[in-house]
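What follows is a set of notes on a single structure, which appears directly below.
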Amino acid sequence: MKTVLFVHGVGGSEDGYEMGYLREFLAPYDVRVVVKDYTFDPDKARAQILPWVEEYRPDLIIGESLGACYAMLLGGAPHLFISPAINAPKAFYIHRKLSRVPFMQRFYERILDPGQPPVRQKIDCSPESLSHFRNLRRDALEAFARLSPDEKPFAFFGTWDILVYLGFVSPFTWRRLFGKGSFAIHRCGHVMNREQVRTLLLPKVLEILGIGGN
(Lines give C-alpha, C1' and ligand atoms only; values in the text may rest on other atoms or scores of the structure.)
Protein backbone atom coordinates (compact mmCIF):
# COMPACT_ATOMS: atom_id res chain seq x y z
CA MET A 1 0.00 0.00 0.00
CA LYS A 2 1.27 3.45 -0.91
CA THR A 3 0.76 6.48 1.32
CA VAL A 4 -0.04 10.11 0.52
CA LEU A 5 0.62 12.57 3.34
CA PHE A 6 -1.70 15.59 2.99
CA VAL A 7 -0.77 18.74 4.94
CA HIS A 8 -3.87 20.96 5.08
CA GLY A 9 -3.91 24.74 5.26
CA VAL A 10 -5.20 27.34 7.72
CA GLY A 11 -8.45 26.31 9.35
CA GLY A 12 -8.20 22.86 7.80
CA SER A 13 -9.20 19.52 9.24
CA GLU A 14 -8.52 15.82 9.03
CA ASP A 15 -11.99 15.55 7.51
CA GLY A 16 -11.66 18.32 4.93
CA TYR A 17 -13.48 17.90 1.64
CA GLU A 18 -10.45 17.69 -0.66
CA MET A 19 -8.88 14.97 1.47
CA GLY A 20 -12.17 13.07 1.58
CA TYR A 21 -12.55 13.19 -2.19
CA LEU A 22 -8.94 12.13 -2.70
CA ARG A 23 -9.41 9.21 -0.30
CA GLU A 24 -12.49 8.15 -2.24
CA PHE A 25 -10.78 8.21 -5.62
CA LEU A 26 -7.55 6.58 -4.45
CA ALA A 27 -9.21 3.73 -2.55
CA PRO A 28 -9.43 1.46 -5.65
CA TYR A 29 -5.67 1.86 -6.14
CA ASP A 30 -4.84 0.71 -2.61
CA VAL A 31 -3.46 4.14 -1.67
CA ARG A 32 -4.14 5.63 1.74
CA VAL A 33 -4.36 9.37 2.40
CA VAL A 34 -3.06 10.47 5.80
CA VAL A 35 -4.18 13.85 7.14
CA LYS A 36 -3.29 15.02 10.64
CA ASP A 37 -4.42 18.11 12.49
CA TYR A 38 -1.88 20.59 13.81
CA THR A 39 -1.96 23.90 15.64
CA PHE A 40 -2.00 27.33 13.96
CA ASP A 41 1.11 28.62 15.75
CA PRO A 42 4.01 27.74 13.40
CA ASP A 43 6.54 27.05 16.15
CA LYS A 44 4.26 24.45 17.72
CA ALA A 45 3.13 23.21 14.30
CA ARG A 46 6.67 22.36 13.21
CA ALA A 47 7.17 20.14 16.25
CA GLN A 48 3.95 18.33 15.42
CA ILE A 49 4.53 17.96 11.68
CA LEU A 50 8.24 17.07 11.37
CA PRO A 51 7.86 13.52 12.84
CA TRP A 52 5.17 12.58 10.31
CA VAL A 53 7.63 11.46 7.62
CA GLU A 54 9.26 8.95 9.96
CA GLU A 55 5.88 7.84 11.28
CA TYR A 56 4.09 7.33 7.96
CA ARG A 57 6.93 7.06 5.40
CA PRO A 58 4.84 8.67 2.63
CA ASP A 59 5.33 8.04 -1.08
CA LEU A 60 3.97 11.53 -1.84
CA ILE A 61 3.58 14.71 0.22
CA ILE A 62 0.82 17.17 -0.71
CA GLY A 63 0.84 20.69 0.75
CA GLU A 64 -2.35 22.73 0.54
CA SER A 65 -2.38 26.53 1.00
CA LEU A 66 -0.20 27.42 4.03
CA GLY A 67 0.37 23.70 4.44
CA ALA A 68 2.73 24.02 1.46
CA CYS A 69 5.29 25.72 3.70
CA TYR A 70 5.14 22.89 6.21
CA ALA A 71 5.24 20.27 3.44
CA MET A 72 8.46 21.85 2.19
CA LEU A 73 10.06 21.16 5.56
CA LEU A 74 9.57 17.44 4.96
CA GLY A 75 11.88 15.33 2.83
CA GLY A 76 11.95 11.74 1.69
CA ALA A 77 9.19 11.86 -0.92
CA PRO A 78 8.04 13.80 -4.01
CA HIS A 79 5.88 16.87 -3.43
CA LEU A 80 2.68 18.23 -4.96
CA PHE A 81 1.05 21.54 -4.03
CA ILE A 82 -2.48 22.97 -4.12
CA SER A 83 -2.77 26.77 -4.01
CA PRO A 84 0.55 27.08 -2.15
CA ALA A 85 0.35 30.16 0.09
CA ILE A 86 4.09 30.62 0.46
CA ASN A 87 3.69 34.40 0.83
CA ALA A 88 1.24 34.06 3.72
CA PRO A 89 3.85 33.82 6.52
CA LYS A 90 5.28 37.22 5.57
CA ALA A 91 1.79 38.75 5.51
CA PHE A 92 0.94 37.25 8.91
CA TYR A 93 4.13 38.63 10.40
CA ILE A 94 3.51 42.10 8.96
CA HIS A 95 0.01 42.18 10.46
CA ARG A 96 1.10 41.14 13.94
CA LYS A 97 1.09 44.74 15.22
CA LEU A 98 -2.41 45.48 13.95
CA SER A 99 -3.67 42.32 15.61
CA ARG A 100 -2.93 43.91 18.99
CA VAL A 101 -6.27 45.65 18.52
CA PRO A 102 -8.90 43.07 19.57
CA PHE A 103 -11.22 44.12 16.74
CA MET A 104 -8.52 43.54 14.15
CA GLN A 105 -7.55 40.18 15.63
CA ARG A 106 -11.18 39.00 15.37
CA PHE A 107 -11.38 40.44 11.84
CA TYR A 108 -8.34 38.45 10.65
CA GLU A 109 -9.60 35.27 12.26
CA ARG A 110 -12.97 35.70 10.57
CA ILE A 111 -11.38 36.21 7.13
CA LEU A 112 -9.21 33.09 7.51
CA ASP A 113 -12.01 30.91 8.87
CA PRO A 114 -13.11 28.56 6.06
CA GLY A 115 -16.43 27.88 7.80
CA GLN A 116 -16.53 24.11 7.19
CA PRO A 117 -16.12 21.36 8.28
CA PRO A 118 -17.36 22.10 11.81
CA VAL A 119 -14.31 20.60 13.55
CA ARG A 120 -11.14 22.23 12.24
CA GLN A 121 -7.91 23.97 13.18
CA LYS A 122 -8.48 26.83 15.61
CA ILE A 123 -7.13 30.07 14.16
CA ASP A 124 -5.17 32.29 16.54
CA CYS A 125 -4.26 35.71 15.13
CA SER A 126 -2.84 37.02 18.37
CA PRO A 127 0.32 39.15 18.06
CA GLU A 128 2.40 36.42 19.71
CA SER A 129 1.19 33.74 17.32
CA LEU A 130 1.61 35.88 14.19
CA SER A 131 5.11 36.93 15.26
CA HIS A 132 6.19 33.28 15.04
CA PHE A 133 5.63 33.32 11.26
CA ARG A 134 8.66 35.56 10.73
CA ASN A 135 11.02 32.90 9.37
CA LEU A 136 8.63 30.17 8.19
CA ARG A 137 8.82 31.02 4.47
CA ARG A 138 12.60 31.29 4.49
CA ASP A 139 13.05 28.10 6.45
CA ALA A 140 10.60 26.22 4.20
CA LEU A 141 12.35 27.20 0.98
CA GLU A 142 15.80 26.50 2.38
CA ALA A 143 14.74 23.11 3.72
CA PHE A 144 13.04 22.18 0.45
CA ALA A 145 16.18 23.00 -1.55
CA ARG A 146 18.29 21.01 0.89
CA LEU A 147 16.03 17.99 1.35
CA SER A 148 14.82 17.71 -2.24
CA PRO A 149 17.53 19.35 -4.40
CA ASP A 150 16.68 17.40 -7.56
CA GLU A 151 12.92 17.58 -7.26
CA LYS A 152 10.79 19.47 -9.76
CA PRO A 153 7.71 20.44 -7.75
CA PHE A 154 4.31 20.99 -9.31
CA ALA A 155 1.51 23.26 -8.07
CA PHE A 156 -2.14 23.85 -8.94
CA PHE A 157 -3.50 27.40 -8.87
CA GLY A 158 -7.09 28.62 -9.32
CA THR A 159 -8.34 31.55 -11.38
CA TRP A 160 -11.01 32.25 -8.74
CA ASP A 161 -8.71 32.10 -5.72
CA ILE A 162 -9.29 35.28 -3.70
CA LEU A 163 -6.01 34.71 -1.85
CA VAL A 164 -4.19 35.40 -5.13
CA TYR A 165 -5.55 38.95 -5.05
CA LEU A 166 -4.51 39.31 -1.41
CA GLY A 167 -0.98 38.23 -2.31
CA PHE A 168 -0.96 35.13 -0.09
CA VAL A 169 -0.93 32.88 -3.15
CA SER A 170 1.12 33.90 -6.19
CA PRO A 171 1.73 31.96 -9.42
CA PHE A 172 4.27 34.66 -10.31
CA THR A 173 6.32 34.04 -7.17
CA TRP A 174 6.06 30.30 -7.77
CA ARG A 175 7.26 30.64 -11.36
CA ARG A 176 10.20 32.77 -10.26
CA LEU A 177 11.21 30.15 -7.72
CA PHE A 178 10.54 26.92 -9.61
CA GLY A 179 10.24 27.71 -13.30
CA LYS A 180 7.68 27.99 -16.08
CA GLY A 181 6.59 24.36 -16.18
CA SER A 182 6.16 23.94 -12.44
CA PHE A 183 2.48 24.86 -12.19
CA ALA A 184 -0.90 24.96 -13.90
CA ILE A 185 -3.78 27.41 -13.52
CA HIS A 186 -7.32 26.05 -13.73
CA ARG A 187 -10.86 27.34 -13.34
CA CYS A 188 -11.20 26.69 -9.63
CA GLY A 189 -10.99 28.48 -6.31
CA HIS A 190 -8.55 28.16 -3.45
CA VAL A 191 -9.69 24.60 -2.84
CA MET A 192 -10.88 21.98 -5.31
CA ASN A 193 -14.38 20.55 -5.45
CA ARG A 194 -15.08 16.85 -6.01
CA GLU A 195 -14.96 16.98 -9.81
CA GLN A 196 -11.76 19.03 -9.81
CA VAL A 197 -10.08 16.55 -7.47
CA ARG A 198 -11.11 13.74 -9.84
CA THR A 199 -10.08 15.39 -13.10
CA LEU A 200 -7.11 17.53 -12.04
CA LEU A 201 -5.53 16.29 -8.82
CA LEU A 202 -6.08 12.54 -9.13
CA PRO A 203 -4.26 12.07 -12.48
CA LYS A 204 -1.23 13.98 -11.19
CA VAL A 205 -1.15 11.95 -7.97
CA LEU A 206 -1.33 8.68 -9.92
CA GLU A 207 1.41 9.88 -12.25
CA ILE A 208 3.77 10.71 -9.38
CA LEU A 209 3.01 7.43 -7.62
CA GLY A 210 3.66 5.53 -10.84
CA ILE A 211 0.19 4.05 -11.01
CA GLY A 212 -1.15 3.72 -14.54
CA GLY A 213 -4.67 4.62 -15.59
CA ASN A 214 -7.31 6.63 -13.78
Quick calc: nm separation of the 7 Å Cα→Cβ label points for Arg194 and Lys152 -> 3.5
Rolling a 1.4 Å sphere over the protein heavy atoms, what is the accessible area per residue of the chain, to the nearest Å²?
50
Say each of Ile211 and Ile94 gets a label point 7 Å from the Cα, pointing the same way as Cα to Cβ; how far apart are those two points in nm?
4.0
Quick one: longest stretch of the chain between exposed loop trypsin sites (Lys or Arg not before Pro), exposed meaning at most 16 other C-beta atoms within 10 Å and loop per DSSP?
37-96
Among residues other than Asp161 whose Cβ falls under 15 Å from its Cβ, what is the net charge (Lys/Arg +1, Asp/Glu -1)?
-1
Expected unfolding gain across Arg175-Glu142 under the 0.36 nm per residue rule, minus the alpha-carbon gap, is 10.2 nm
If Rh is defined by the Kirkwood formula over all Cα pairs and Rg also comes from Cα, what ratio Rg/Rh do you get for the chain?
0.94
Here the equivalent ellipsoid of region 108-174, derived from its Cα gyration tensor, has semi-axes (largest first, whole Å) of 25, 18, 13
As a check on your grasp of the helix formula, calculate [θ] at 222 nm for the chain: sum -39500 (n - 2.57) over DSSP H runs of n ≥ 4, divide by the residue count, round to the nearest 500.
-10500 deg cm²/dmol
Given Cα pairs under 8 Å that are at least 6 residues apart, what percent is the relative contact order of the chain?
25
As a Kirkwood estimate from alpha-carbon pairs, region 123-214 has a hydrodynamic radius in angstrom of 15.5
Under 5 Å between amide H atoms, partner at least 5 residues away or on a different chain: which partners does Val34 have, H built in plane at 1.01 Å?
Val4, Leu5, Phe6
Computed on alpha carbon atoms, what radius of gyration and Dmax characterise region 160-214, expressed in Å?
13.1, 38
DSSP loop (so not H, G, I, E, B), at most 14 other Cβ within 10 Å: list which GluC sites (Glu not before Pro) in region 142-214 pass both filters.
Glu151
What does the accessible area of Asp161 come to, in Å² to the nearest 10, when a probe of 1.4 Å is used?
0
Filter Lys97/Lys122; Lys36/Lys204; Lys2/Lys90; Lys2/Lys122; Lys90/Lys204; Lys44/Lys180 down to the pairs with a C-alpha to C-alpha distance above 32 Å, please.
Lys2/Lys90; Lys44/Lys180
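The values are calculated or read from the model by the stated rules, or taken from the named source; none is laboratory data. This structure is a prediction, so every number in the text was calculated from the model and none was measured. Please note: Cβ atoms are built from the backbone with ideal geometry, for glycine as well, and neighbour counts cover all protein chains shown. Areas reflect the complete protein model, heavy atoms only, side chains present, ligands, DNA and RNA absent. Shrake-Rupley method; radii C 1.70, N 1.55, O 1.52, S 1.80 Å.
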